[in-house]
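Below you'll find the structure, written out as structure tokens, and then a few comments.
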Amino acid sequence: MKCRSCRRKAVTKLRAHNSAFCRDCFLLFFRRQVHRAIKSLRMFEPGERILVAVSGGKDSLALWDLLCSAGYNTTGLHLALGIGAYSTASREKTERFAKSRGLELIVADVTEGTEQRGVSELARRQRRSTCSVCGVIKRHYFDTIAAERGFSVIATGHNLDDEAARLLANVLRWRTDYLGKQFPVLEQREPRFIRKVRPFYLISELETATYAFLRGIDYVVEECPYAAGATQLHCKEALNRLEEAMPGTKRAFLSEFVARMQQRFSGEVERGARACQCCGRPSYGETCSFCRLTRVATRS
Amino acid sequence: MNVIKIKLEPQGKELQMPGPRPVGRLLKELDIVPGTVLVIRDETLLTEDEIVTGGEEIEIRSVISGGNS
């Protein structure tokens, strides 16, 4: 198989783009796609202080690698979630990545704010799924640390597969308020809240994994032990089967939603986030989900 | 030595198949959708048309992650 651009031996085939690329041409193609997304949705400008949420997985480390090698002003934020050996390995890989590139990394231990209780125990106490509780905790820490340390934007490694799976899950149940909130750039109405961006929203998992591999990034290959059976994985599997039969489906599904459909649901969101009465971070109710969660956690 | 050694990650599962075989056929026989994995031999990525011969070792690494979006 030959590279579409230079005719050298290809190392990856991207059916969604009807293309195959050698290492160098793939890296160029990948970077161009991401920079196009950043520019077209005005995610951030050169010089802005960007807090990159890094889990130690392929997507977040690939994002950090790309942004810092493009000269953006980035700092990493890793949350130690207290999920046993998985969290230990994730933290080690993230710290090693930052050290090898001389990058600034903030590590926050979330169990300190929840009386040493890990994500799974909090979920059990709330009778919610671990993934849902994990999301609440992550968002709270991202918002809090970014605001306290003066960052203007938070970048996460959510990719095309994540976003298309989320869209499918929301469409299957017609969660119109959630559809109104799904956009790769989350502008905040209050100036003290931080903008959130997803530069990889049109980049597939195959592409982020290929980029990480070709850049020699040592990422956590193991999956979170609580991810098995999660709704998102069922949606990803269904979309991958469709993608196999009809290449480009995932990208069209999401990009058309972002370009033409999302704004039709924005009216479903009653109002933008306001400040939580307890912690002051963005909340859609009087008290944010994180404060409700920690209230339960601190009960003996 | 006509056997291809395959390591599936992140499951850590190891299995064997007779070689030689093109990568695309290997994936089909294992019921793996090609766009959901990296196929790695000697620190190099393989495309679907590459032939893996007996005695060689490959890693099939899933690219699917998540649980929380």
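Key figures for this structure:
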| quantity | calculated |
| --- | --- |
| Only one of A:D177, A:D143, A:D161 that is more than 15 Å from the chain's Cα centre (by Cα) and either surrounded by 20 or more Cβ atoms within 10 Å (Cβ to Cβ) or outside any loop (DSSP other than H, G, I, E, B) (or both) | A:D177 |
| Single residue of region A:138-159 satisfying the filter (at pLDDT 95 or above and touching a helix residue (DSSP H, G or I) at 6+ places or on another chain (Cβ under 6 Å)) that is farthest from A:L206 (Cα to Cα) | A:I154 |
| Spans of strands (runs of 3 or more DSSP E) in region A:1-115 with at least 1 residues surrounded by 21 or more Cβ atoms within 10 Å (Cβ to Cβ) | A:12-14, A:19-21, A:49-53, A:73-80 |
| Residue under evaluation A:H234, criteria (1) within 9 Å of another protein chain (Cβ to nearest Cβ); (2) modelled with pLDDT under 95; (3) more than 15 Å from the chain's Cα centre (by Cα), criterion not met | (1) |
| Residues that are in contact (Cβ under 8 Å) with a residue 60 or more places away in the chain and of a type in the set (F, W, Y), drawn from region A:137-175 | A:Y141, A:F142, A:F151 |
| Some residue of region A:192-212 being out of contact with any Lys or Arg (no Cβ under 6 Å at 6 or more places or on another chain) and more than 23 Å from A:S60 (Cβ to Cβ) | yes |
| Pairs where the first residue, in region A:14-26, is closer than 17 Å to A:A245 by Cβ and more than 10 Å from chain B (Cβ to nearest Cβ) and the second is of a type in the set (D, E) and crowded, with 21+ Cβ neighbours inside 10 Å, C-beta under 8 Å, 6+ apart | none |
| Failed condition for A:R149, given (1) more than 20 Å from the chain's Cα centre (by Cα); (2) under 21 Å from A:G82 (Cβ atoms) | (2) |
| Residues that are among the β-branched types (V, I, T) and within 16 Å of A:E207 (Cβ to Cβ), drawn from region B:41-57 | B:T47 |
| Whichever residue in region A:256-281 is in contact with a helix residue (DSSP H, G or I) (Cβ under 9 Å, 6 or more places away or on another chain) and at pLDDT below 80 and, among such residues, is surrounded by the most Cβ atoms within 10 Å (Cβ to Cβ) | A:V269 |
| Among residues of region B:12-37, those that are surrounded by 17 or more Cβ atoms within 10 Å (Cβ to Cβ), within 13 Å of chain A (Cβ to nearest Cβ) and assigned to a helix (DSSP H, G or I), counted | 5 |
| Long-range neighbours under 9 Å by Cβ, at least six apart or interchain, first residue more than 10 Å from chain B (Cβ to nearest Cβ) and in contact (Cβ under 8 Å) with a residue 40 or more places away in the chain within region A:209-222, second assigned to a loop (DSSP other than H, G, I, E, B) and among the aliphatic types (A, V, I, L, M) | A:Y211/A:I203; A:Y211/A:I217 |
| Criterion: surrounded by 14 or more Cβ atoms within 10 Å (Cβ to Cβ), more than 11 Å from chain A (Cβ to nearest Cβ) and under 21 Å from A:T12 (Cβ atoms) - qualifying residue of B:I51, B:I64, B:I58, B:I40 | B:I58 |
| Filter pass, A:F253 being modelled with pLDDT under 95, under 21 Å from A:K181 (Cα atoms), assigned to a helix (DSSP H, G or I) and aromatic (F, W, Y) | no |
| Sole residue being small (G, A, S) and over 27 Å from A:H140 (Cβ atoms), chosen from A:S40, A:S55, A:S60 | A:S40 |
| Filtered residue count, region A:10-62, keeping only those that are touching a helix residue (DSSP H, G or I) at 6+ places or on another chain (Cβ under 7 Å) and acidic (D, E) | 1 |
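The values are calculated or read from the model by the stated rules, or taken from the named source; none is laboratory data. Quick caveat, the model's predicted, so the values are computed rather than measured. As a convention, Cβ positions derive from the backbone with ideal geometry for all residues, glycine included, and neighbour counts pool all protein chains shown.
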